[in-house]
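Notes follow once the structure below has been shown.
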Amino acid sequence: MASSTDPWMKEHNEAAKLAEDINGMIAERSPFPASGPERQRHASAIRRKITILGTRLDSLQSLLTKLPGKQHILEKEMNRRKDMVANLRTKVNQMASALDMSNFANRDSLFGPEIKQADAMRRTEGLDNHGIIGLQRQIMKEQDEGLEKLEETVTSTKHIALAVNEELGLHTRLIDDLDQHVDVTDSRLRVMLWP
């Protein structure tokens, strides 16, 4: 078992506590009106914490790959820790889907699963030059497909940004018109009250 001074375990415990906090915040959503600024602020705070938790889990996963070189950890303990991270990640994805954070749960579909150096080396074992060239072509094709998906996402984001910009322009004009009408009304009231 790992000691309480183990930095990985400390980081995991903090991530688990954050997950519990988020679950508590999700449970607290019910007293807020179905739509309104309080509920939106609360949901925004939950989303922010879920994103932070996702980043912490990525950090835990990264630390886990570095542990065997730094500490002597048995394979059983390593598997237990991998399961702990996987369980937390499942909880995070469930919480994200509860808040309709579909983009969070699909992060792997956008970036692809993380490929480790050892996995990449295993793919080339036993291949001759033609096999390696074929593997490179396959990898390039996969990367091209990934880039096409990324292009679609960026294009979609661009269209959303342009729509938001157009909406902001409209609101700015409406506020300017309202400001002008308030000035005119103020002038008329001053004339009527102080002839």
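The values are calculated or read from the model by the stated rules, or taken from the named source; none is laboratory data. What you see is a predicted model, and the numbers here were worked out from it, not measured in a lab. Here the Cβ positions follow ideal geometry from the backbone for every residue, glycine too, while neighbour counts run over all protein chains shown. Just the protein is used for accessible areas: all its heavy atoms, side chains included, with ligands, DNA and RNA removed. Shrake-Rupley method; radii C 1.70, N 1.55, O 1.52, S 1.80 Å.
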Q. Going down the list LYS49/LYS141; LYS10/LYS82; LYS82/LYS141, which pairs span over 27 Å between their C-alpha atoms?
A. LYS49/LYS141; LYS82/LYS141
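Work out the length of the dipole vector of the stretch 114-195 about its Cα centre, built from +1 on the beta-carbon of each Lys and Arg and -1 on the beta-carbon of each Asp and Glu, and round it to the nearest 20 debye. Don't skip to the answer; put the middle values down first.
Working: 10 positive and 17 negative charges, 21 e Å.
Taking the Cα centre of the stretch 114-195 as origin, the dipole is about 100 debye.
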Q: Quick one: check the C-alpha center-to-center distance for the stretch 120-134 versus the stretch 142-185, whole angstrom.
A: 47
Q: At 0.36 nm per residue, minus the direct Cα-Cα distance, what do THR90 and MET121 gain on full extension? Give it in nm, one decimal, please.
A: 8.3 nm
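Can you give me the accessible area per residue for the stretch 147-194, using a 1.4 Å probe, in Å²? Walk me through the numbers before you get to the answer.
Working: 4590 Å² over 48 residues.
That works out to 96 Å² per residue.
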Q) If the cut-off is a Cα-Cα distance under 13 Å, which aspartates and glutamates reach LYS17, setting aside same-chain residues fewer than 8 apart in sequence? A) none
